[in-house]
Amino acid sequence: IRPVAVYGGSLGMWSFLFDIQGDVFEIHGRRERRIPWIHVNDLAELYYLAAKHIDRASHQIFHGTTLDSPTWEEVASTRIFYS
């Protein structure tokens, strides 16, 4: 299983791409840039399903990603709430 950029929970790998100072959200890099990513819970489900069906998944390559990666501009214009 080859996961792409994983987000969710307390994962902090995105800190080099964004700066948040109060209400100001700054994006580093090109605003039209897209990076495929996957939520940590979806990745866990992918591992679970691959293990559950190991007879069919054996010797296969799975890319853990979404099909609808937003641009940085779309991320910046969306309110993100953390629990």
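The values are calculated or read from the model by the stated rules, or taken from the named source; none is laboratory data. Given the structure is predicted, the values throughout are model-derived calculations rather than measurements. Methodologically, a virtual Cβ is constructed for each residue, glycine included, from the backbone with ideal geometry; neighbour enumeration extends over all protein chains shown. Remember, those area values only see protein heavy atoms, side chains included, never the ligands or the DNA or RNA. Shrake-Rupley method; radii C 1.70, N 1.55, O 1.52, S 1.80 Å.
A Cβ distance below 9 Å, combined with a sequence gap of six or more or placement on separate chains, defines the contacts here; from the range 36-60, residues that are of a type in the set (Asp, Glu) reach residues that are not in a helix (DSSP H, G or I) in the pairs 42/8; 42/64; 42/66.
For residue 17, the criteria (1) open to solvent by less than 70 Å² (accessible area, probe 1.4 Å); (2) at pLDDT 75 or above; (3) aliphatic (A, V, I, L, M) hold in every case but one, which is (2).
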